[in-house]
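Step one of this worksheet: look at the structure below.
The values are calculated or read from the model by the stated rules, or taken from the named source; none is laboratory data. What you see is a predicted model; the values in this text were computed from it and never measured. In this analysis, Cβ positions are derived from the backbone assuming ideal geometry, glycine residues included, and neighbour counts consider all displayed protein chains. Ligands, DNA and RNA are stripped out before the accessible areas are found, and what is left, the full protein with its side chains, is counted by its heavy atoms. Shrake-Rupley method; radii C 1.70, N 1.55, O 1.52, S 1.80 Å.
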Amino acid sequence: MLSQTTYIWHDGAKPTQTLRSKTRILSIDENNPALSDFPDWGFDGSSTNQAIGNNSDLVLRPVRFVDDPILGYGNYLVLCEVLHTDLTPHSTNKRARLREVLEKSGSEHDFWFGFEQEYTLFDGSTPLGWPERGYPAPQGPFYCGVGADEAFGRGLVESHAQACLDAGLMLFGTNAEVMPGQWEFQIGHRGVEGETADPLTVSDHLWLARWLLYRLGEDHQISATLEPKPVKGDWNGAGMHTNFSTMPMRDPETGMQTIERAIQSLRERHVEHIAVYGADLEERLTGEHETASINTFSAGVSDRSSSIRIPEGVSKKGCGYLEDRRPGANANPYEVAAMLIETICHY
Ligand code: ADP
Ligand code: MN
Ligand code: MN
Ligand code: MN
């Protein structure tokens, strides 16, 4: 059938890359679609901060496609990498870098990832549910709250969750956050048989889920932002906690010692990690509001004011995964994953 295929890519916006997309009609056998059905395409890099005007053509190379849950059956969302016309990766193509790191790291680690994506909903320039002037009641009742005076934007949150499932993304769950108008969804390992939570898949899924959130926001007249500290002052910021594990971390025999060794490696490279964990991170990592200070590295069991949290259940079982609480909501999962893998594997 004739399909609407939406090609999605990352632009060159600074300091935080954003998503772009455009649509092409392709003849696709909807009973048996394959990645090779989606040809390379091009775009004007001078309009996305990726090229200069007199040499502006860049290549979109499809790398993953999913069902389009909004346009419905037979239509597709096509995630792309950006290449130069000689087919080498563009410098804004952080996915290519993650692929490289993964090739070097070999398969014995068998990394699993899970990202917690916090975000803030806005109605114009006001956080959703906030009075036009002034502030709502102080934080307290809103985290996982229910009721018209506590939860703002659930319609969008629920349609986004369903869209993620319909697209086959590895959505783990959703919850309302501490600041009113702020929510979270998680993408990654969820223990479903046959799924692989490898870093590349999970990062791709997170980017597609971000695109769906923005796109569905259009229908609700609500905009979602990934700013790490959307409201200054005594309000929680928004992060992208990154949960990860390796095979030896998940093994009861080797779990705790591997986890401790990983924390030691992370401690030594704190500065390098902070550098790729998102713009304006210093506004969020203050040491208050469930964060650790940007200048110090810390780790602890069940400790939400540390850089790295060992979940309570993991400490009890002696194996499992770690949570890196430092990345901001606006971090690029490709860059966060690549940095974690490099540090854990000691490159
Ligand atoms: P929190 O208690 O920090 O709010 P959430 O319930 O929001 O945690 O999210 C848990 C995250 O941990 C999910 O993204 C999930 O994919 C991830 N996760 C769970 N187990 C593992 C594991 N063994 N390896 C990597 N990630 C994991
Ligand atoms: Mn969470
Ligand atoms: Mn959270
Ligand atoms: Mn968390």
Of 249, 165, 228, which is farthest towards the positive pole of the stretch 104-345's charge dipole, taken about the Cα centre with +1 and -1 on the beta-carbons of Lys, Arg and Asp, Glu respectively? 249
Between the stretch 319-336 and the stretch 155-179, what is the separation of their alpha carbon centroids in Å? 19 Å
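Taking only protein heavy atoms and a 1.4 Å probe, what accessible area per residue, in Å², does the stretch 25-171 have with all protein chains in place?
Working: 7390 Å² over 147 residues.
Heavy-atom SASA per residue in the stretch 25-171 reads 50 Å².
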Taking the alpha-carbon centroid of each part, what is the distance from the stretch 17-82 to the stretch 285-304 in angstrom? 39 Å
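For the stretch 60-123, take the convex hull of the Cα atoms, compute a quarter of its surface area, and give me that in nm², please.
On the way: hull surface 31.1 nm².
Its average projected convex-hull area is 7.8 nm².
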Helix check for the chain. Which DSSP H runs span at least 30 Å along their own axis by Cα, with a mean Kyte-Doolittle hydropathy no less than -0.5? 199-220
Straight-line reach from residue 94: which lysines have a Cα under 27 Å away, not including same-chain ones fewer than 8 places off? 14, 22, 104, 229
Largest-first principal axis extents, alpha carbons of the chain, Å: 53, 53, 43
From the protein chains alone at 1.4 Å, what is the descending order of accessible area for 317, 94, largest first? 317, 94
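When the helix-only estimate is applied to the chain (DSSP H runs of n ≥ 4, each -39,500 (n - 2.57), divided by the residue count), what is the mean residue ellipticity at 222 nm, nearest 500 deg cm²/dmol? Please list the in-between numbers first.
Numbers: 9 runs with 94 residues, N = 347.
Calculated at 222 nm, the ellipticity per residue is -8000 deg cm²/dmol.
Using a 1.4 angstrom probe on the protein heavy atoms only, line up 276, 101 by accessible area, largest first. Spell out each step's value before the answer.
Working: 276 35, 101 0 Å².
Ranked from most to least accessible, the order is 276, 101.
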